[in-house]
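Some notes on the structure that comes next.
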Amino acid sequence: MTPSAVGAPILAIQDIHKAFGKLQVLKGISLDVKEGEVIALIGASGSGKSTLLRCINRLEAPTAGVVRFRNEEITAANLNQMRREIGMVFQRFNLFPHLTALENVTLAPRKVLGVHPAQAEKQGREILDQVKLAAKADCYPGELSGGQQQRVAIARALALQPALMLFDEPTSALDPELVGEVLEVMRELAQQGRTMLVATHEMGFAREVASRVLFLDSGTILEEGPPEQVLENPKQDRTREFLARVLNRA
Amino acid sequence: MKKEAFTYPTSLGLQSHGAMRLQQFARRMGACPGLLPRLPRTVEAVRPISLLLSAVILFVLLTSRAAAQSSLEQIKARGELVIATDPTYPPFEFKVGDKLQGFDIDIGDAIGKQMGVRVRWLPLEWAGVLPALDAHKCDLVISGVTITDERKKKGLTFSRTYFLSGQAIVRRKGDTRIKSLQDLKDKMVSVQMETTGQFALEKIGVPRSHILKFDTLQEGLLDVRNSKSDACVADLPALHENLRQSYSELELVGGAFKQENLGIVARHDEPNLLNAVNLALEQVMVNGDYAKAYATWIHEPADTALFAGLDKVKGDGTTPADKLPHGAVVAVAENAADQATGAFAIKWSLLREAMPSLLRGARVTLLLTIFTLIFGVVAGLVVALCRISPFAPLKYLATVYVELVRGTPLLMQIYVIYFVLPAIHISVDSFVAGVMALSFNAAAYISEIFRAGIESIDTGQMEAARSLGMDYPAAMRWIILPQTLRRVLPPLTNEAVALLKDSSLVSVVALTELMRVGKEYATTYGSPTTAYLGVAVLYLAMTLPLTYVVRVLEKAWQPISRPRAGAPAIPVVKEAAQA
């Protein structure tokens, strides 16, 4: 399914490099993302998927290169402003364990946007309903399953109504039987026309939901295109090898 | 007499190398005497750091000297004479309830009356008495201090002799092995640490391993009573008083074997004050006040030698013992201990009597702890945040502070804050100084607890908060610190309990907290068992509720105790709460 509502460019990445000491993780990545696009980042562990996502919202500062969000360069100075518009979902959820599900969702709107607590709570409950967790609003993360925690984490990112959502292998830390409920929520977000960058090993999800698939290898984009092309008729040997490994595993 | 450090030149040879260098250093720099050799008396281990302390105090002396003018005019102007004493030394100075009593107290009050001013007594732990004189916290010291050439050389000045005393031996009743000083050569002998008793034993060649040094005389006597030591050597009047009170199993061996003269101590650069004190003392000695005090506390008429040779009694500590008029005192000691019940028995009536004072001490301890905890936690948190700050100078500064405080004894920090700060014109009262010193110290330890707590929080928490657009302070405030606080509660409780007990160290700056009250009762009534039982009960009464409250808090905060992202969650919460 290819979303039709692809619109104006929202994110432009130009020749991003990232090194940790001597280790070159990203070796010049450029990418343009348009509004409404769902881009799946695939590739082996260590290929740079996570680092690319983390360079976009500057959890890691790129060694070189520029990231523009709505034509404005993301710098250390405007970081907090930019991050409000770029939601992020982590592999390990990173929910705040001392807060209930609802408080996890409402904290940022209250403290960052200054939304009135009553208003934030109303919105928070709506968003939790969206991820089908309205009943768990008052549970602490420790009382939720992994799939439920990840859905709360998605709701937490959505609460700021971001224009772009980054998903860093959101189902990799889940037990297999819990993966489906998280992908289901993400599928719905895609259908609503959300702009999403998803690092994932779920090839079925990529094929079904993504408008574009990027295959990362050793810090570069080796191959990119529509899912049916990259996933079914890859041009590169490395892509073929990778897909063979991933599909055999499943 | 009591608390004598360097009476005999020969005793110097027995001091550690460090201590000797310390003396030479002090002498060369013209340091106020008495202070340096006396520090070790409190805790032996303090000796190495006293070098550092001496440097600090020298600084004070050098800077404060300019400001110091003749105190006599100031005393007359304010109508108040401040005298420091260590009131754990019956019959000379001790406390009954909150009231100072004893021979020295009566003499001091009488001198004040002669000078036409009222006397304010500053009760201090012995280790703080002479530093207080140096730091101008008091005008005089009357605390059973022996006049010695050593001290004079170091610049302390003494009044004329106001009491003749001497060293004597105590043994268990009927222990005929011990008849004289020479018999102690191969025995185990207890003494009060750093007193002339100790040096007399060292001089006749008793091996150091046979000399058992105790903090107070009462502990030394208890040791003889328990047959761990064979004898105890100490001041005759103090022995007499203690035997009479509590140690019916012990007896004196003859009279004093060594004369010592007691004097009133003044700062050496105040001859006017000293003259006034001497004049007043002579009047007190002839107008009947002295005789009355002597009869009250020494239980004998004052010996005539002191009066007859009023201008000749210039004590140098060398008069042979047989010329001393001590027969009368010794005679009383023979029929001592009639009403004694023994040092071991728990005297319930004493405990009842002491309880109001102990409770007041406990209140001081509790207030000290509470204030220190408040300041310590706030400052500790700030220091911890500085230590993990990416801003290098802040980080460096905080690290230096923590290492400095952790690496030096709390006792020294208390000294510095109370005795050194006045030199730069920051003079605070005892309680404030106590809270400052304890907070300064506790904050360093607490900051490490916080730092460890903050660093134990998964980095994903900070990343998640920052990715939501929170700035660093907001992320700290709403995400990291709430989790940290819950996690550091147990070690923080530990610190609070330790602090409650460590607060007893501030008694050196004249704070009468719980432990100090206990010590005073132990010495005044010669019943350490009773006094310390009360102290222990009150400490427990404070620590147990504290730990209980923390347990309740920990339970209430349980839900967060498993921030294990990734692990499929089973609601262990309730089970954990029951554990």
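The values are calculated or read from the model by the stated rules, or taken from the named source; none is laboratory data. All of these numbers come straight from a predicted model, not from anything done at the bench. Positions of Cβ are generated from backbone atoms using ideal geometry, with glycine treated the same way; all protein chains shown enter the neighbour counts.
Within segment B:76-92, the set of residues being modelled with pLDDT under 90 and in contact with a strand residue (DSSP E or B) (Cβ under 6 Å, 6 or more places away or on another chain) comprises just one member, B:Pro87.
If you take the residues of segment A:148-196 that are at positive phi and either surrounded by 21 or more Cβ atoms within 10 Å (Cβ to Cβ) or touching a residue at least 60 places away in the same chain (Cβ under 8 Å) (or both), which of them is nearest to the chain's Cα centre (by Cα)? Among those that are at positive phi and either surrounded by 21 or more Cβ atoms within 10 Å (Cβ to Cβ) or touching a residue at least 60 places away in the same chain (Cβ under 8 Å) (or both), it is A:Glu169.
If the condition is being acidic (Asp, Glu) and closer than 24 Å to A:Thr239 by Cα, then segment A:5-47 contributes A:Asp15, A:Asp32, A:Glu37. The residue of segment A:27-38 that is surrounded by the fewest Cβ atoms within 10 Å (Cβ to Cβ), among those that are touching a Ser or Thr at 6+ places or on another chain (Cβ under 7 Å) and not basic (Lys, Arg), is A:Gly28.
Do we find a residue being surrounded by 20 or more Cβ atoms within 10 Å (Cβ to Cβ), touching a strand residue (DSSP E or B) at 6+ places or on another chain (Cβ under 9 Å) and closer than 24 Å to A:Pro227 by Cα anywhere in segment A:56-71? Scanning segment A:56-71, I find at least one residue that is surrounded by 20 or more Cβ atoms within 10 Å (Cβ to Cβ), touching a strand residue (DSSP E or B) at 6+ places or on another chain (Cβ under 9 Å) and closer than 24 Å to A:Pro227 by Cα, so the answer is yes.
As a summary of the residue check, B:His210 satisfies the conditions (1) closer than 29 Å to B:Ala84 by Cβ; (2) at pLDDT below 90 except for the one numbered (1). Provide a single number: the residues in segment A:166-175 that are within 11 Å of chain B (Cβ to nearest Cβ), out of contact with any Pro (no Cβ under 6 Å at 6 or more places or on another chain) and not small (Gly, Ala, Ser). Count: 3.
Residues that are in contact (Cβ under 8 Å) with a residue 12 or more places away in the chain and either among the aromatic types (Phe, Trp, Tyr) or more than 14 Å from chain A (Cβ to nearest Cβ) (or both) do not occur anywhere in segment B:460-476. Check segment B:76-90 and report whether any residue there is part of a loop (DSSP other than H, G, I, E, B), more than 23 Å from B:Leu217 (Cα to Cα), in contact (Cβ under 8 Å) with a residue 40 or more places away in the chain and touching a helix residue (DSSP H, G or I) at 6+ places or on another chain (Cβ under 8 Å). Scanning segment B:76-90 turns up no residue that is part of a loop (DSSP other than H, G, I, E, B), more than 23 Å from B:Leu217 (Cα to Cα), in contact (Cβ under 8 Å) with a residue 40 or more places away in the chain and touching a helix residue (DSSP H, G or I) at 6+ places or on another chain (Cβ under 8 Å). Within segment B:428-442, being farther than 16 Å from B:Arg363 by Cβ, part of a helix (DSSP H, G or I) and not hydrophobic (A, V, I, L, M, F, W, C) holds for B:Ser439, B:Asn441.
Identification of strands (runs of 3 or more DSSP E) wholly contained in segment A:5-46 with 1 or more residues that are at pLDDT below 95 yields A:9-20, A:23-34.
The conditions of being surrounded by fewer than 20 Cβ atoms within 10 Å (Cβ to Cβ), away from chain A (no Cβ under 14 Å) and more than 40 Å from the chain's Cα centre (by Cα) are not met by B:Phe431. For beta carbons closer than 8 Å, sequence separation of 6+ or different chains, a first residue in segment B:480-491 that is touching a residue at least 60 places away in the same chain (Cβ under 8 Å) and more than 10 Å from chain A (Cβ to nearest Cβ) and a second that is outside any helix (DSSP H, G or I) and among the aromatic types (Phe, Trp, Tyr), the qualifying pairs are B:Leu489/B:Trp557. Please go through segment B:123-145 and pick out each residue that is at pLDDT 90 or above and either among the small types (Gly, Ala, Ser) or surrounded by fewer than 20 Cβ atoms within 10 Å (Cβ to Cβ) (or both). Once the filter is applied, which keeps residues that are at pLDDT 90 or above and either among the small types (Gly, Ala, Ser) or surrounded by fewer than 20 Cβ atoms within 10 Å (Cβ to Cβ) (or both), segment B:123-145 yields only B:Ser143. Of the listed requirements (1) at pLDDT below 95; (2) surrounded by fewer than 24 Cβ atoms within 10 Å (Cβ to Cβ); (3) not polar (S, T, N, Q), A:His116 misses just one: (1). Once segment B:268-297 is narrowed to residues that are of a type outside the set (Gly, Ala, Ser) and in a loop (DSSP other than H, G, I, E, B), the residue that is farthest from B:Ile107 (Cα to Cα) is B:Asp269.
Scan segment B:386-393 and give yes if some residue there is modelled with pLDDT of 90 or more and over 21 Å from B:Thr484 (Cβ atoms), otherwise no. Within segment B:386-393, one or more residues are modelled with pLDDT of 90 or more and over 21 Å from B:Thr484 (Cβ atoms). Each residue in segment B:158-198 was checked for being among the polar types (S, T, N, Q), closer than 16 Å to B:Asn261 by Cα and over 23 Å from the mean Cα position of the chain (by Cα), and 4 of them qualify. With a cut-off of at least 1 residues that are more than 17 Å from B:Ala474 (Cβ to Cβ) and more than 10 Å from chain B (Cβ to nearest Cβ), name the helices (runs of 4 or more DSSP H) lying wholly within segment A:61-161. Of the helices (runs of 4 or more DSSP H) lying wholly inside segment A:61-161, those with at least 1 residues that are more than 17 Å from B:Ala474 (Cβ to Cβ) and more than 10 Å from chain B (Cβ to nearest Cβ) span A:101-108, A:117-130, A:146-158. Taking the conditions (1) free of Cβ contacts under 8 Å to residues at least 40 places away in the same chain; (2) farther than 21 Å from B:Val364 by Cβ; (3) in a helix (DSSP H, G or I); (4) of a type in the set (A, V, I, L, M) in turn, B:Val402 satisfies each one other than (1).
Within the option set A:Val213, A:Val198, A:Val246, A:Val209, being touching a His at 6+ places or on another chain (Cβ under 8 Å) and either of a type outside the set (Ser, Thr, Tyr) or under 22 Å from A:Arg151 (Cα atoms) (or both) holds for one residue only, A:Val246. Considering segment B:203-235, the residues that are β-branched (Val, Ile, Thr) and out of contact with any Ser or Thr (no Cβ under 9 Å at 6 or more places or on another chain) include one that is nearest to B:Tyr532 (Cα to Cα), namely B:Val206.
Touching a residue at least 40 places away in the same chain (Cβ under 8 Å), out of contact with any strand residue (DSSP E or B) (no Cβ under 8 Å at 6 or more places or on another chain) and not hydroxyl-bearing (Ser, Thr, Tyr), is that true of A:Leu243? Against the criterion (touching a residue at least 40 places away in the same chain (Cβ under 8 Å), out of contact with any strand residue (DSSP E or B) (no Cβ under 8 Å at 6 or more places or on another chain) and not hydroxyl-bearing (Ser, Thr, Tyr)), A:Leu243 qualifies. For segment B:138-183, name all the residues that are in contact with an Asp or Glu (Cβ under 6 Å, 6 or more places away or on another chain), β-branched (Val, Ile, Thr) and assigned to a loop (DSSP other than H, G, I, E, B). Hit for segment B:138-183 is B:Ile142, nothing else.
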